[in-house]
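For reference, the structure is listed below as structure tokens.
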Amino acid sequence: MIQGTTRSRIRQQKLRITFFGYFLVLLFFASLQVISIVFFTQGFLLSREVPDIISNCSDEVQACLVPKFEKAIVLVIDALRFDFAIPVEGSEMFYHNNFPILYELHTNQPQKSVLLKFIADPPTTTLQRLKGLTTGSLPTFIDAGSNFNGDEIDEDNWVLQLYNHNKSVAFMGDDTWQALFKKYINPQLNFPYPSLNVWDFHTVDNGVLENLHPLLKDPQKSSKWDVLIGHFLGVDHIGHRYGPNHHTMKEKLNQMNEEIKKVIEEMDDSTLLVVMGDHGMDSTGNHGGDSSDELESTLFMYTKKKNFQMNKQKVKANAYDISKLGTNYRTVNQIDLVPTISLLLGLPIPHNNLGFPIDELFESDKVLNQVSYKVVQQINQFRMNSNNEKIIKNQELNDKYAFLISNYERFSGNKKYTSDLISISKSFQYDNLEYCKSLWARFDMKFIVFGLSLLALSFVFILTYSRSIPSVRVSTMSFEFLGSVIAMSLLGIVLSLSIYIVLMPHNLMLRHCLAGGVGIGMVIGFWAPIMDRFSVNWLIHQIFDFFIYNFNSWSFMGLIYLVLHCLIFASNSYVIWEDKMASFFLSMFGVCGIISIASNTKTPQESRILGILHCLTFVVVTRLISMVNLCREEQGDYCRPTFEVTWWSVLLLHVMAYFLPLVIKSFYRLTNSYHSAAPLWMKSGFRFLLFMNATYWTLEYMDDNGIFEKLHLSTSFTHFLTNNLIKSFKLAISRIVLFISLVLANYGWSRGPLCVKIDFSNPEPNEDSKSSPDDSQELGEEKPTATILGYENIYGSSYFLLVINFAAAIMLTSKPLGALSIAGLLVQILSFLEIMDLLDLRRNLISPIIFGLLAYQNFFSTGHQATIPSIQWDVAFLTNDDIMFPFTHINLVLNNFGSFILVCLAIPLVILWRVPPTNKPIAVLSQVISITTSLITYQTLLSLSSFIFTAHFRRHLMVWKIFAPRFMLNGVLQVLINVVLIFITLWFGVNKVLSQVNRIFGK
Amino acid sequence: MPKQKRKVKFDHDDTEDQEAVVVARVPTIIHKWATIPYHLPLILVGMFKFGLTSHVKQTLVKGYISLICLQAVHSYILYINTVDFPDSSSGKKHRKKNKDNLVLLIASSLVLPVLMSPAVLAILVLLGAPVSSHVIETYLLAAHLSTVVATPLLVTFKLNFANFVSVFKSPDLFCVVCHHQTLSSGLLALVGTWIGVLPIPLDWDRPWQAWPVTLVVGTYIGFFGGSVINLAL
């Protein structure tokens, strides 16, 4: 007895040490992958050097003009797409014909107002747009990531120029401005409002209006400001939440219409009014990409003096053509606003501006000629001050500039040539803009290649680690790996540091140098012990062995899937249709499973029928899930989106809350393990949480569709109901669900629930000779003939409870159809596990690949696509009204990557499902490591392939639309999968379940 | 030809003593060059000539009618070139010398696939064929697929389902399938249909990327190619 306990304690300790070794090795491996991804990203995502020269009026070239306007009101209506502001005949859409004032003024008072189509540069996110709209420069893609903590702007811009010229800037609205321009805004007239809560349509807008009108009407207050900036967010938020075609959009646009009318009444004669959108929105109401709907926005300028010229030629040439939603309407670039505003207000043009003054705003061609000459000089100054040799030495542009200067000096007095001079200036500006665009789309090939090679090396290592070396050998090598990795990365640091100090490579920063050294050191460190133990020949032999001995039709299928999935990144069409491809592969697996099971004569009839039923379940569920989709823009007419919150999807949530626990229960029943912990989890916990989820989304649906308003209660009560009661109820539900599922249930699980039952009623001799004596020792001697129900699936049944915990949280953060898809994922996983057990695919290549494909399929069917606009930002505010560090981010991660998290959690089940307790837990652990690292291998191969092809297609037309977002998704997934597998799956899950079972049964 | 026959038998002998293995009772085809479905590429080319890419449905119907007619001729050629598996256990009634009702056999081999096609349609939908639209096209694909694949199989096995199932139960399934002309062509036709999906997503905007066209092409080429490749084995 004593000997037994010591032995088991020693074994327990050994298990812990082995586990720790694995944990650290994988942690180091993850950091190697992170380093390689960071290198690739740094090389690929564009960066632009920003000259920090500030223009001023004392400069000879920049000598300021006399201001034409004393004051200006700049009103930004976020996401005001161009067709919102023009009349669209016969359109019944909520977003059409509800904001008529701009076009009315444009046609009725052509000398006082002008309405133009305003083309944004991608990326169409508010922060980037504000930068472009004030500096006149092009933002780069990398800036897009900082939208959520907008950093201060240090480039020359017209808000800064206003400040430098002692003008007082008043601001109200979206706090992105506050983040960018805090220093330049008059602190007494600064009214920022939180911008990112897309569920709130009115706070920002009402805040703007509250502060705007007093500043206009009150003569005392109106003398306090020179430029007033207001930024409305309602339209954008409605778009994000409901899409453009929703009745609230009509109300919002009508409100904007009234407010603009009021502002026009209240403003005085020397004021310029600018109303504009910063970007548009696509048909789902989102933005960020570069489709024409997202780029096309509105610019409207108005003054009470007759100051503008409506060029008659343009009217004749039908430049203001509103037919076909204004497709042929005259367009100006967003950056053109910058020189225009600067010149009209008598400010120097910001140094980095690339735009050109807008024709209509200068009363005659003569003035226009003057200002365009000025802008051309400014652009040339920017070119000459650039720290990029290529810009300075561009001969074509230099010649054009010299030609223009000489001609201007000769002909500027002559009226005949003014329009020619203007067009030369325009072409100079245009060429320069295009040149800068092409130049800033520049890639650092050194970093790209280095990152790729590190990733490729990490792939070769993880492939060897997971599949070539026998898993039992791997378990003994952990500490060798650790030693050599640490030593080699230290050596790498020292070497790279000395290289940096001695050679001083001029275009390499210290951190890059160090990271590179660590990366190379780690790769060598990982390979040293392998090379020490095995030869290259032996490893190659292993691969041949795989093809000769372990190769069957299932591994062949796995290989085909692997190759095809990697090859999709070679073609933009396949990247677009990845969602269909994943479902196609999965259904094919299921159908092949049916054939295989049906023709397998060795298994008894009963389990064959059961197996066929599992396959059928798998195929049918896969097919049903594949019908839930969100279309990306490129899929065009071939795709019909079904991912909407509808009454039936909400109803199905309730049905699911009842049935899903029953389905899982039936799977547990198959292994006779629906005992003790399982009913507690399923019947009380999971069903309760699912019901709460359903309630949440029911309230959400009712709230969205104005069902409370339709009840005809008194208005104040309705208001109270929707704004206070329902809102706090929803917050409470979501917080409770997340707390229970992520904290409470996981704590409970960590105490080690087992789904077994000791059956005393059956006193016949136990067939399992191993279990009964062990058991009797634990329970005392009085019932030596007890059987343990659920013995054969002891690891799996307990471990799956952990998967359920996370599934409940993920289902809350997914929208109704997404939650249904996640429910399908659970069923898919369970039926795959049964199929796998029957077909003996535990060690087969296909298992991790099917798991990976399951994750991808459900990523798409939970309403996501590999594009930035498809991120469901609105779920960020599920648990909190505004952004609060962990909660908002947790929601977004759970929503976006829920399927991947679940699959990463469930992958050890391939080894653990239907396995009776063993007294060799280390062997089980090493198999679990092998299967989890196989999943990492799969994802690494995908990342590698997508990185290679994205780098290869870096000049492709579709790179920013299709390839780059997909590569970013893969990069994020690579990190996420590593983190989830290491910390949650292995450290929390597998470790607990193995040591718990070992403690009780391992003797 | 005899070489192949011997090989199949050899494999059986090899495994027979280990356990009671089901023997693949596969009929043998004697003149493989004669049983190549020469009509399939003809029909395919004909369908393209008659505007498969512009009027998908109509052309598929026309093609199906001609397929049925030519399949009947092919069935006859296949029938006279088939020698039943000389096995006593499966009963002697399927010996070639026994007078089968030729007309009934060919007729039922042609009708059964038509009856099967709804089931094939269901499988296609399960595998991802569109549900809400293009149902008729998918059904026509199912009809073509089942007639091209199943008719020769039914004729070869003389409607003996047990013999057909025995193929799947044999331990060297792939060997048996690869060395038999009709079986391997049938498998390649299915693979061809599977691969036929792959070019559809490409953004080339060609008319032949319309829904079932590439799959039908895959089926025809798969079956024809399979029987040609089998000559070499």
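The values are calculated or read from the model by the stated rules, or taken from the named source; none is laboratory data. Owing to the predicted nature of the structure, the values given are computational and were not obtained by experimental measurement. Using ideal geometry, Cβ is built from the backbone for each residue, glycine included, and neighbour counts are taken over all protein chains shown.
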Of residues in region B:169-181 being over 20 Å from B:P113 (Cα atoms) and part of a helix (DSSP H, G or I), the one nearest to the other protein chains (Cβ to nearest Cβ): B:K169
Positions within region B:114-129 being under 19 Å from B:K57 (Cβ atoms) and either away from chain A (no Cβ under 14 Å) or of a type in the set (K, R) (or both), in sequence order: B:V114, B:S117, B:P118
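Could we say that A:L105 is modelled with pLDDT of 85 or more and surrounded by fewer than 24 Cβ atoms within 10 Å (Cβ to Cβ) here?
The answer is yes for A:L105.
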Of all residues in region A:595-609 being outside any loop (DSSP other than H, G, I, E, B) and facing another protein chain (nearest Cβ under 10 Å), the one that is surrounded by the most Cβ atoms within 10 Å (Cβ to Cβ): A:S596
Pair list, Cβ under 7 Å, 6 or more apart: region A:615-638 residue closer than 19 Å to A:L853 by Cβ, other residue of a type in the set (D, E) and part of a helix (DSSP H, G or I): A:N629/A:D579
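Given the criteria in contact with a Leu (Cβ under 7 Å, 6 or more places away or on another chain), in contact (Cβ under 8 Å) with a residue 60 or more places away in the chain and either charged (D, E, K, R) or not in a loop (DSSP other than H, G, I, E, B) (or both), does A:L337 qualify?
yes
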Matching residues in region B:67-82 - criterion: being touching a Ser or Thr at 6+ places or on another chain (Cβ under 8 Å) and of a type in the set (S, T, Y): B:S75, B:T82
Criterion violated by A:M692 - all others in (1) part of a loop (DSSP other than H, G, I, E, B); (2) over 26 Å from A:F832 (Cα atoms) satisfied: (1)
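Here is a yes/no grid of residues against (1) aliphatic (A, V, I, L, M); (2) at pLDDT below 95; (3) farther than 21 Å from A:V980 by Cβ:
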residue: A:L841; (1), (2), (3): yes, yes, yes
residue: A:L853; (1), (2), (3): yes, no, no
residue: A:S870; (1), (2), (3): no, yes, yes
residue: A:V875; (1), (2), (3): yes, yes, no
residue: A:L878; (1), (2), (3): yes, yes, no
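So, of the residues in region A:363-395 that are outside any helix (DSSP H, G or I) and within 43 Å of the chain's Cα centre (by Cα), which turns out to be surrounded by the most Cβ atoms within 10 Å (Cβ to Cβ)?
Among residues in region A:363-395 that are outside any helix (DSSP H, G or I) and within 43 Å of the chain's Cα centre (by Cα), the one surrounded by the most Cβ atoms within 10 Å (Cβ to Cβ) is A:N394.
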Within region A:396-448, tally of residues that are under 48 Å from the mean Cα position of the chain (by Cα), not aromatic (F, W, Y) and not in a helix (DSSP H, G or I): 3
Residue, surrounded by the fewest Cβ atoms within 10 Å (Cβ to Cβ), within region B:130-151, restricted to residues that are within 14 Å of another protein chain (Cβ to nearest Cβ) and more than 21 Å from the chain's Cα centre (by Cα): B:S132
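Is at least one residue of region A:536-552 part of a helix (DSSP H, G or I) and within 11 Å of another protein chain (Cβ to nearest Cβ)?
no
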Residue, farthest from A:P816 (Cα to Cα), within region A:853-890, restricted to residues that are touching a His at 6+ places or on another chain (Cβ under 7 Å) and part of a loop (DSSP other than H, G, I, E, B): A:P869
Leading residue by the ranking (nearest to the other protein chains (Cβ to nearest Cβ)) among those in region A:611-646 that are surrounded by fewer than 17 Cβ atoms within 10 Å (Cβ to Cβ) and part of a helix (DSSP H, G or I): A:V620
Given (1) in contact with a His (Cβ under 9 Å, 6 or more places away or on another chain); (2) modelled with pLDDT of 90 or more; (3) not acidic (D, E), index of the condition A:Y747 fails: (1)
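One residue is enough: does region A:580-600 have a residue meeting the conditions closer than 30 Å to B:L202 by Cα, of a type in the set (S, T, Y) and touching a residue at least 12 places away in the same chain (Cβ under 8 Å)?
yes
Are any of the residues in region B:185-200 over 30 Å from A:N572 (Cα atoms), within 14 Å of chain A (Cβ to nearest Cβ), surrounded by fewer than 24 Cβ atoms within 10 Å (Cβ to Cβ) and not basic (K, R)?
yes
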Contacts under 6 angstrom Cβ, first residue in region A:218-233 being more than 17 Å from A:L345 (Cβ to Cβ) and in a helix (DSSP H, G or I), partner of a type outside the set (K, R) and modelled with pLDDT under 90, 6 or more apart: A:K221/A:P214; A:K221/A:L215
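Quick check on my filter: what residues within region A:701-743 are within 30 Å of A:F988 (Cβ to Cβ), among the aliphatic types (A, V, I, L, M) and surrounded by fewer than 14 Cβ atoms within 10 Å (Cβ to Cβ)?
A:A732, A:V743, listed by residue number.
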Unmet requirement for B:P207, which otherwise passes all of (1) surrounded by fewer than 18 Cβ atoms within 10 Å (Cβ to Cβ); (2) over 17 Å from the mean Cα position of the chain (by Cα); (3) within 14 Å of chain A (Cβ to nearest Cβ); (4) over 21 Å from B:L127 (Cβ atoms): (3)
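Based on what the data block shows, is A:R955 part of a helix (DSSP H, G or I) and modelled with pLDDT under 95?
For A:R955, the condition - part of a helix (DSSP H, G or I) and modelled with pLDDT under 95 - is not met.
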Any hit, region A:832-852, residues being of a type in the set (A, V, I, L, M, F, W, C) and in a loop (DSSP other than H, G, I, E, B): yes
Test: residue in region A:573-589 that is away from chain B (no Cβ under 14 Å), within 39 Å of the chain's Cα centre (by Cα) and part of a helix (DSSP H, G or I): no
Any chance A:S666 is under 30 Å from A:A745 (Cβ atoms), more than 14 Å from every other protein chain (Cβ to nearest Cβ), of a type in the set (S, T, Y) and free of Cβ contacts under 8 Å to residues at least 40 places away in the same chain: yes
Residues being part of a loop (DSSP other than H, G, I, E, B) and either among the aliphatic types (A, V, I, L, M) or more than 21 Å from A:L102 (Cβ to Cβ) (or both) - total across region A:267-284: 6
